[in-house]
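Reviewing the structure listed below.
The values are calculated or read from the model by the stated rules, or taken from the named source; none is laboratory data. Please read these numbers as outputs of a predicted model, since none were measured by experiment. Cβ sites come from the backbone with ideal geometry, for glycine too, and all protein chains shown count toward neighbours. SASA here: full protein model, heavy atoms, side chains in, ligands and nucleic acids out. Shrake-Rupley method; radii C 1.70, N 1.55, O 1.52, S 1.80 Å.
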Amino acid sequence: MTGKKTHEMTDGKPTDGIFRITVKAAVIGPDGRVLVLTRAKGDRRGSGKRDLPGGHVDADETPEETIVREVREETGLAVRDIVPLPFFRHLTSDEGDALQALRFVAFTHDAGVKTDPAEHDGFEWMTLDEAAETFEDKGYEADKRRTVLLAKEHLENRDALSGWKRCLADFENYRKRRDAEGAEMGAYKVERLVLDLIPVLDNFHAAAAHVPEEAKDSPWVTGIGYIAKQFEDVLSQNGVALIEPKVGDDFDPSRHEAIGTDGEVREGNVQKITTVHRKGYMMGDKVIAAAKVSVA
């Protein structure tokens, strides 16, 4: 279909003809097939020949705008996306007009084609390979064939890129899962190690608690205290925090384990810690060993 306005030749070029930009598009439907039109009977450009939607660019529109307009006028389809193809060619029409040919891929969600009987009296949705074979490999037909093949190459590259992006996304998800599992496994190993070491540290604390009063200031006892402190520092550096309840604190069943009672426990009364038998340990927000206490 010819646009309303054209561009005359300038810049010292011959002006005995008209300079036009002509565009055509391989229109890809929702199922990935391409639309091939059939020229109406009596069409001077080739009655019954296969065709692609397109026409001349008006002076007040871009080639992309022309594709949208021509596809709508010739097929009734709405274009949702346009991609330029690496196709550029200087042509000369039968009337001596100079043409510059541009080609595109146009995508549509529609499939219900309504052709303009003045230009096309038939259409068919074809695979890209079928469409390429329907055009002769010479003259203007060769340009249409090349347009279809370039469209096929674009779609293959797009699908390959999409596949590569999916692969990268899958790998990134795998890496995150692996890192999360590794961190979880590392935390589990540290937790198991801490649980194995807690009895050793408890023995240090128990030994310190039973040191005779007259021996508490001896260098040996002081050294044992330093070793216990160093032990606790190592645990702290690995994310382990002490639960150190004190006599008189409220009993917290989420952090304390009552292993004995002093006096009568009455329902509804706030239980208080009367004796601390063993410190507790946490990793983050998780209690891995509750503090053992007596309550009243």
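Summary table
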{"quantity": "Residue within segment 16-23 that is modelled with pLDDT of 90 or more and either over 15 Å from H120 (Cα atoms) or in contact with a helix residue (DSSP H, G or I) (Cβ under 8 Å, 6 or more places away or on another chain) (or both) present", "calculated": "yes"}
{"quantity": "Residue, least open to solvent (accessible area, probe 1.4 Å), within segment 203-241, restricted to residues that are aromatic (F, W, Y) and out of contact with any helix residue (DSSP H, G or I) (no Cβ under 6 Å at 6 or more places or on another chain)", "calculated": "Y226"}
{"quantity": "Members of segment 27-44 that are touching a residue at least 24 places away in the same chain (Cβ under 8 Å), more than 13 Å from D121 (Cα to Cα) and assigned to a loop (DSSP other than H, G, I, E, B)", "calculated": "G29, P30, D31, G32, R33"}
{"quantity": "Search result, residues across segment 146-174 that are farther than 14 Å from V23 by Cα, open to solvent by less than 60 Å² (accessible area, probe 1.4 Å) and not hydrophobic (A, V, I, L, M, F, W, C)", "calculated": "K152, H154, S162, G163"}
{"quantity": "Qualifying positions in segment 242-257 - open to solvent by less than 80 Å² (accessible area, probe 1.4 Å) and not in a strand (DSSP E or B)", "calculated": "P245, G248, D249, F251, D252, S254"}
{"quantity": "Selection count, segment 107-137, where residues are farther than 22 Å from L149 by Cα, open to solvent by less than 60 Å² (accessible area, probe 1.4 Å) and hydrophobic (A, V, I, L, M, F, W, C)", "calculated": "1"}
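Conditions tested, residue by residue: (1) in contact with a strand residue (DSSP E or B) (Cβ under 9 Å, 6 or more places away or on another chain); (2) assigned to a strand (DSSP E or B); (3) open to solvent by 40 Å² or more (accessible area, probe 1.4 Å); (4) farther than 20 Å from I28 by Cβ.
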site	(1), (2), (3), (4)
D58	no, no, no, yes
D81	yes, yes, yes, no
F87	yes, yes, no, no
V105	yes, yes, no, no
